[in-house]
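The structure under discussion appears below in the form of structure tokens.
Each value in this text was obtained by applying a stated rule to the coordinates, not by laboratory testing. None of the values given here were measured: they were computed from a predicted structure. Here Cβ is always computed from backbone atoms with ideal geometry, including for glycine, and neighbour counts include all displayed protein chains.
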Amino acid sequence: MPCRPDPTLFIISCSSRKHLAKQIRFLRAENQIMKSKIKGRIHLTNDERSTLISFGQDLGKATAKKLISIVKPETYARWLRKQPRPSPEKRPGPPRKPIEIRELIVRVAKESGFGFGRILGELAKVGVHDVSKSTIRRVLIEAGIGPKPSKHKTPWDQFLKSHAEPLWACDFFTKKVWTRYGPPTAYLLFFIHIKSRQVIASTSTIHPHSKWMRYQAQVFLHSAKKQGLQAPSILIRDGDKKFGKEFHEVLQAAGCQAKQIPRGTPVMNAHAERWVRLIKHECLNHFICFSDEHLDHLVEQYLEHYHTERPHQGIGNQLIIPHSHPPSTSGKIVCKTWLGGVLKSYSRVAA
């Protein structure tokens, strides 16, 4: 049976603005008289309450609170607060990546624990280029894997970048070596080229005396030339007393000046500090060394992985020593492991 239209609504819809105001005053007066005849509190059903809220939302919150008389304005305001907020409209985003790529991103993250940038580099190595850090972040968050902390560059980083070609940095790192006579501390000296991120590391020694330091300076200059890098002109170092006179004499004879950074400013030697953290976190902290030869083997293996298999965010997620052929986009993706699975890298196996 069709619903009969409300004659009151028909009259209101056909009224002028001035006449409409008179009608509202009439209806409010009628409502007040009817309310005065009712004793006690007026109880509304959920449907009645929803009707008032619906019409009140069309009028606006402030106007509805002024007009409401069947309940207190505070009660009506409480009804409005309990209303569920409408969910914002979702903007259409970019199309989702194929399931194979999303599964690969999650796999690499779970197997390796790499951050967004490192995963991006590993994907590029296996021929997956149509992804970005934001895509990796979104895929991992959907998979319940939290984001990694972001990194911020400093003005000193920008300065080093603009003078990176002939610039090197050096530092020591140490590792306990367990022997039958106790756990002496073994020292290793390394040099890192700021532009290419290539690293030259010494063999370990328990006694880094001046003669050993002189020999390491000679090895450094010879290795840099052998690797085809520009002859070093500036070497950044800290104030360690092991950098003695003999060490500086070898460098000066080759036209390289060793510049000591101010005390308590490790950020000025950030590339070296970062590399020490890398080799310890990714390699050395996972092992107990029982001889100098064992430690040297670990460092040698890590350097091989570092130069030929590990992508580096500081140089655009590229390999320091790139492969001779571009990455294939077909074939099974495998996880290559070094040092018993401590180091991981991804590549494709030819079909």
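Amide H to amide H distances under 5 Å link C289 with W178, where only residues 5 or more positions off or on other chains count and H is placed in the peptide plane. Our summary gives the stretch 203-351 a relative contact order of 16 percent, counting only alpha carbon pairs under 8 angstrom and 6 or more residues apart. Ordered by the number of other Cβ atoms lying within 10 Å of each residue's own Cβ, fewest first, F191, F55 fall into the sequence F55, F191. Phi angles across the stretch 99-104 convert, under the Karplus curve 6.51 cos²θ - 1.76 cosθ + 1.60 with θ = phi - 60°, into 3J(HN,Hα) values of 4, 5, 5, 5, 5, 5 Hz, Gly and Pro given as x. Coupling constants for the stretch 120-126 follow from the phi torsions by the Karplus curve (6.51 cos²θ - 1.76 cosθ + 1.60, θ = phi - 60°), and in residue order they are 4, x, 5, 5, 4, 5, 9 Hz; glycine and proline get x.
Around the amide H of Y187, modelled in the peptide plane, lie the amide H atoms of T205, I206, all under 5 Å away and 5 or more residues distant in sequence or on another chain.
Note that the stretch 286-293 has calculated 3J(HN,Hα) couplings of 8, 10, 10, 8, 10, 6, 4, 5 Hz, one per residue in order, obtained from phi through the Karplus relation 6.51 cos²θ - 1.76 cosθ + 1.60 (θ = phi - 60°); glycine and proline are x. With the simple model of a label 7 Å out from the Cα in the direction of the Cβ, D240 to T308 spans 2.7 nm. Here's the list of aspartates and glutamates a cross-link from K125 could span, going by alpha-carbon distance under 20 Å and ignoring same-chain residues fewer than 8 apart: E100, E103, E111, E282, E304, E309. Scanning residues 5 or more positions from C283 or on other chains, none has an amide H under 5 Å from its amide H, with H placed 1.01 Å from N in the peptide plane. About its Cα centre, the dipole of the stretch 194-261 is roughly 100 debye, where the only charges are +1 on Lys and Arg Cβ and -1 on Asp and Glu Cβ. Charge tally around A272: other residues with Cβ under 9 Å, Lys/Arg +1 each, Asp/Glu -1 each, net -1. Each Lys and Arg contributes +1 and each Asp and Glu -1, all at the Cβ; summed about the Cα centre of the stretch 155-315, the dipole is approximately 340 debye. Sorting I33, I234 by the number of Cβ atoms found within 10 Å of their own Cβ, with the fewest placed first, yields I33, I234. Residues R49, R102, R237, arranged from fewest to most other Cβ atoms within 10 angstrom of their Cβ, appear as R49, R102, R237.
Pairs from the list K97/K344; K195/K332; K195/K241; K22/K82; K226/K332 with a Cα-Cα gap above 30 Å: K195/K332; K22/K82; K226/K332. For Q301 and I145, the FRET efficiency from 1/(1 + (r/R0)^6), where r spans their Cβ atoms and R0 equals 25 Å, is about 0.30.
The label-point distance for E273 and K22, in a model that sets each label 7 Å from Cα toward Cβ, rounds to 8.3 nm. Projecting the Cα atoms of P266, L189, F290 onto the charge dipole of the stretch 155-315, computed from C-beta unit charges around the Cα centre, puts P266 farthest toward the positive end. For Y181 and R96, the difference between the fully extended length at 0.36 nm per residue and the C-alpha to C-alpha distance is 24.6 nm.
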